[in-house]
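Here the structure comes first, spelled out in structure tokens, and everything after it is commentary.
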Amino acid sequence: MRSSKNRRYPLGFQTLCLGCSLLIALVADLAAQSPQGRLTQSTPEAIGLLSAQLEHIDAAAMTAIQAGEIPGAVILVGRRGQIAYLKAFGNRALKPKPEQMTVDTIFDLASLTKVVATTPSIMLLVENGALRLEDKVRRYLPKFTGGGKDAVTVRQLLTHYSGLAPDFDLSKSWEGYSAGLEELWKEKTRSEPGKEFAYSDLNFIALSEIVRVLSGKTLDVFSHQNIFQPLGMMETLFLPPQSLRPRIAPTESRGRTLSYLNGTVPAGTSDEILRGEVHDPTAWRMGGVAGHAGLFSTAQDLAIYAQMILNRGNWKGGRVLSPLAVQAMTSVASPPALLPLRGLGWDIDSGYSAPRGDLFKNGFGHSGFSGTSLWIHPPTETFVILLSNSVHPEGKGNAIHLRGVVANIVAAAISDAR
């Protein structure tokens with residue numbers, strides 16, 4: 001794990017102006033020629049979507065910006081292997097000075113890390129025979145014992161039915177990846193494993209440590225080598241370098257993030273707004289790489305990932321996951337007859353399902369605290385990506401309503417749904 005001294009990454013890279021139609025066409029042509037290129041652009045009608053209906057997204061995004069719910073956003077709609085809609089709205093930064101949002105903006109994905117990095121990493125280990133979902137966690141993490149944890153299975157971590165608390169009590173002072181694990185070993189379950197749903201970052205901290213123990217590689221390295229690099233997701237990464245800073249959407253100050261969950265703010269904590277440094281306070285304390293948060297990406301990179309899932313694990317002739325692993329990951333995996341419904345990592349039907357909207361009655365997805373979301377709808381071969389930094393600049397925004405509105409607009413734009 002990298003030293004916590006390397007947490008700050010000032011950046012410097014010229015932003016590409018993808019607003020011009022000629023450049024968009026060039027990027028699409030290059031993508032079509034590359035076996036690992038981005039999804040190509042398409043007219044909505046060519047893939048069964050109504051342009052006039054999708055235009056309602058523009059008004060919805062601007063309404064959210066004017067209401068102060070978000071400073072800006074990048075919204076992408078994909079269907080049948082192509083991008084039908086990709087636009088940037090508002091600003092990616094308001095402070096210290098305004099900066100216009102661009103479609104190539106890099107966002108702190110927050111909890112989308114769980115389903116884009118950690119869950120597929122675990123599924124690869126399942127495929128390779130390194131672990132089984134019904135195994136007790138302590139089989140792989142011997143210190144994960146006591147306090148009710150002995151009965152917790154890998155499946156229960158993935159579905160949030162482990163009984164663990166949502167997060168650590170941040171009023172306790174600790175720093176570093178190893179120190180975070182020591183806090184995890186001390187945790188006690190709040191309910192009997194397998195009986196109650198409680199969305200917990202601790203589940204995915206444990207899962208990322210399982211990845212490290214079984215693969216010998218930290219989550220950032222394992223996910224890059226086995227998921228992002230094969231997919232050509234070259235702008236999806238933990239600990240982004242300084243060179244990317246101009247394109248990263250800022251969040252809020254470290255002092256504000258530490259004020260969450262009873263956290264104490266040490267004297268002298270900078271008021272500088274975070275940019276390229278993970279927003280989540282627990283992931284930050286652990287060095288920037290954790291199973292629940294820390295991943296950064298763009299809308300176009302996430303479109304590749306979403307399409308790979310719709311392709312049942314395949315992308316451009318190569319295979320990242322097996323079809324049956326994708327099916328298992330995205331089907332109901334939570335205890336029978338209990339609500340909410342969760343897949344392995346993925347949300348299916350719960351109080352967190354705002355990105356589904358009211359018209360997509362199935363599918364799966366996830367959201368992130370920073371203002372990000374993804375919903376995938378296999379019956380119509382459609383996915384919706386909404387990336388915003390709603391916590392910028394002072395943690396007062398909220399993208400939840402916009403997620404559902406955009407999903408409804410997209411669902412209504414599908415002209416050939418049955």
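The values are calculated or read from the model by the stated rules, or taken from the named source; none is laboratory data. Only a predicted model underlies this, so the values are computations on that prediction, with no experimental measurement involved. Please note: Cβ atoms are built from the backbone with ideal geometry, for glycine as well, and neighbour counts cover all protein chains shown.
Of the helices (runs of 4 or more DSSP H) lying entirely inside segment 187-281, those containing at least 2 residues that are modelled with pLDDT under 95 are 254-258. In segment 64-76, the qualifying residues are those that are among the β-branched types (Val, Ile, Thr) and in contact with a Ser or Thr (Cβ under 7 Å, 6 or more places away or on another chain), and the one that is surrounded by the fewest Cβ atoms within 10 Å (Cβ to Cβ) is Ile70. Consider segment 315-336 and keep the residues that are farther than 27 Å from Lys195 by Cα and within 20 Å of the chain's Cα centre (by Cα). The one that is surrounded by the most Cβ atoms within 10 Å (Cβ to Cβ) is Leu321. Of everything in segment 299-320 that is of a type in the set (Gly, Ala, Ser) and not in a helix (DSSP H, G or I), the residue that is farthest from Glu182 (Cα to Cα) is Gly317.
Which residue is farthest from Leu321 (Cα to Cα), if the candidates are limited to segment 83-118 and must be of a type in the set (Asp, Glu) and touching a strand residue (DSSP E or B) at 6+ places or on another chain (Cβ under 8 Å)? Per the criteria, the residue is Glu99. Taking Ala337 as the residue in question, decide whether it is farther than 27 Å from Glu69 by Cα, in a loop (DSSP other than H, G, I, E, B) and touching a strand residue (DSSP E or B) at 6+ places or on another chain (Cβ under 7 Å). No, not satisfied. Condition (residue is among the small types (Gly, Ala, Ser) and closer than 23 Å to Asp58 by Cβ) applied to segment 93-106: is it met by at least one residue? Yes, the conditions are met somewhere in segment 93-106. Quick one: is Phe168 in contact with an Asp or Glu (Cβ under 6 Å, 6 or more places away or on another chain), closer than 30 Å to Gly255 by Cα and buried (at least 22 other Cβ atoms within 10 Å of the Cβ)? It is true that Phe168 is in contact with an Asp or Glu (Cβ under 6 Å, 6 or more places away or on another chain), closer than 30 Å to Gly255 by Cα and buried (at least 22 other Cβ atoms within 10 Å of the Cβ). The residues of segment 282-293 that are surrounded by 22 or more Cβ atoms within 10 Å (Cβ to Cβ) and assigned to a helix (DSSP H, G or I), listed by number, are Thr282, Ala283, Arg285. Only residues that are within 20 Å of the chain's Cα centre (by Cα), of a type outside the set (A, V, I, L, M, F, W, C) and under 16 Å from Val405 (Cβ atoms) were counted across segment 50-71, and they come to 1. Taking segment 40-133 and the helices (runs of 4 or more DSSP H) fully enclosed by it, the elements with 2 or more residues that are of a type in the set (S, T, N, Q) and touching a Leu at 6+ places or on another chain (Cβ under 9 Å) are at 119-127.
Would you be able to tell me the number of residues in segment 386-413 that are assigned to a strand (DSSP E or B) and closer than 20 Å to Asp349 by Cβ? Residues that pass the stated criteria total 1.
Can you tell me which residue within segment 263-281, out of those that are closer than 20 Å to Ser111 by Cβ and in contact with an Asp or Glu (Cβ under 7 Å, 6 or more places away or on another chain), is surrounded by the most Cβ atoms within 10 Å (Cβ to Cβ)? Per the stated criteria, the residue is Val278.
Quick check on Asp201: is it surrounded by 15 or more Cβ atoms within 10 Å (Cβ to Cβ), touching a Ser or Thr at 6+ places or on another chain (Cβ under 9 Å), under 30 Å from Ser322 (Cβ atoms) and among the acidic types (Asp, Glu)? So Asp201 passes the test.
Out of Asp347, Asp358, one residue alone is acidic (Asp, Glu) and surrounded by 23 or more Cβ atoms within 10 Å (Cβ to Cβ). It is Asp347. Total residues in segment 206-238 satisfying the condition of being surrounded by fewer than 19 Cβ atoms within 10 Å (Cβ to Cβ) and in contact with a Phe, Trp or Tyr (Cβ under 7 Å, 6 or more places away or on another chain): the figure is 3.
In this structure, Phe296 does satisfy being in contact with a Leu (Cβ under 9 Å, 6 or more places away or on another chain), assigned to a strand (DSSP E or B) and not small (Gly, Ala, Ser).
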